[in-house]
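First the structure, in the form of structure tokens, and then the observations on it.
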Amino acid sequence: MLPHQPLASLGEMPKSSRMPPLNQPGNPTISSASPTDEEAGGKMSFFDHLVELRKRLVVSSLAIGVGMMIGVAVAQKVFAYIARPMQAALRAANLQDKLVYTSPTGAINLIITLGLYLGLVIALPVVLYQFWLFVAPGLYKHERQAITTFIISATGLFVSGVAFGYFVMLPYILKFLIGFRGPFVPLISINEYFDLILMVLLGLGALFEMPVIIFFLSIFGIVTPKFLWKNFRYAMLLITIVAAIITPTPDALTMLIFMAPMVVLYFIGMGVSYLVVRKKRARAAAEGA
């Protein structure tokens, strides 16, 4: 039996058996951060997130407040522009192009309400930018690019829907409604007219977000291009029902004008879904190789 030998202390260990120092000349450099970690933003504690969220909410609230003050200041000029389609329809029907209010507070309520909506629109770029500053540090580089594309696309589609409603839909709707007056003389209230254009413009702006919605549904695997094509007839039925609800006229021409961009956007969404599914399959194939 061999005699018991005591273990050597760390200071007595041979140099050849010691761990070489890291990141020294001649030794391989070991980085503590992987390429994936390097792409990610800075890490923050839970309380740091709360402080950052509070800061972004305060800035967004201030921007909305300032935007609303500006909106109230310019509300009368903006409503004069919004009222042009109604006045044009009245003149086309050989009527006086005057809008009225039917209660003592009707005008002031309209100015305040319109100013609030204008304030939200004016502050929207600041609010989106604050949202971006809050979420960007925790995202990877490709995710930051995707959110930037999402914000730009969603804003552009919404503005396109509002523009389509104002320049295309409203003239047809108002012309039909005024021409269908029968033996009566229309007395158009500014508040009821504002409610009408709000429903039409915001409804179309929201419906123009269809490609963005399909994009997210495709990312989560809920829909595919094959599914969208196979269920196109059901989508057409749904588009027709939505057109009948949002369009305040029963004539077929106005509904067809409303449905046309919806069908185009559906096919655009189908193309977006195809690109998303193809990219997901390519990524899965690369990971499996």
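The values are calculated or read from the model by the stated rules, or taken from the named source; none is laboratory data. Because the structure is predicted, anything quoted here is derived from the model rather than measured. Cβ placement follows ideal geometry from the backbone for every residue including glycine, while neighbour counts extend to all protein chains displayed. These accessible areas exclude ligands, DNA and RNA; they are computed on the full protein's heavy atoms, side chains included. Shrake-Rupley method; radii C 1.70, N 1.55, O 1.52, S 1.80 Å.
Ala244 passes all but one of (1) open to solvent by 50 Å² or more (accessible area, probe 1.4 Å); (2) farther than 30 Å from Val272 by Cα; (3) modelled with pLDDT under 85; which number fails?
With (1) open to solvent by 50 Å² or more (accessible area, probe 1.4 Å); (2) farther than 30 Å from Val272 by Cα; (3) modelled with pLDDT under 85 applied to Ala244, the lone miss is (2).
Residues in the stretch 224-241 that are closer than 13 Å to Leu275 by Cβ and among the β-branched types (Val, Ile, Thr): how many?
1
Give all pairs with beta carbons closer than 8 Å in which a residue from the stretch 266-289 that is of a type in the set (A, V, I, L, M, F, W, C) meets a residue that is modelled with pLDDT under 85; count only pairs at least 6 apart in sequence or on separate chains.
Hits for this filter: Val276/Ile219.
Taking only the stretch 79-101 into account, find how many residues are under 36 Å from the mean Cα position of the chain (by Cα) and in a loop (DSSP other than H, G, I, E, B).
The total comes to 3.
So Gln130 clears everything in (1) assigned to a helix (DSSP H, G or I); (2) surrounded by fewer than 17 Cβ atoms within 10 Å (Cβ to Cβ); (3) touching a helix residue (DSSP H, G or I) at 6+ places or on another chain (Cβ under 9 Å) except one condition, right? Which one?
Checking Gln130 against (1) assigned to a helix (DSSP H, G or I); (2) surrounded by fewer than 17 Cβ atoms within 10 Å (Cβ to Cβ); (3) touching a helix residue (DSSP H, G or I) at 6+ places or on another chain (Cβ under 9 Å), the one that fails is (2).
For the stretch 258-269, give me each residue that is open to solvent by 30 Å² or more (accessible area, probe 1.4 Å) and either in a loop (DSSP other than H, G, I, E, B) or touching a helix residue (DSSP H, G or I) at 6+ places or on another chain (Cβ under 6 Å) (or both).
Listed by number, the list holds a single entry, Ile268.
Between a first residue in the stretch 55-69 that is farther than 16 Å from Phe134 by Cβ and a second residue that is surrounded by fewer than 18 Cβ atoms within 10 Å (Cβ to Cβ), which pairs have beta carbons less than 6 Å apart while being 6 or more apart in sequence or on different chains?
Once the first residue is farther than 16 Å from Phe134 by Cβ and sits in the stretch 55-69, its partners that are surrounded by fewer than 18 Cβ atoms within 10 Å (Cβ to Cβ) give Met68/Leu116.
Hey, could you check the stretch 149-191 for residues that are open to solvent by 40 Å² or more (accessible area, probe 1.4 Å) and among the hydroxyl-bearing types (Ser, Thr, Tyr) and say which is modelled with the highest pLDDT?
Applying the filter and picking the extreme gives Ser160.
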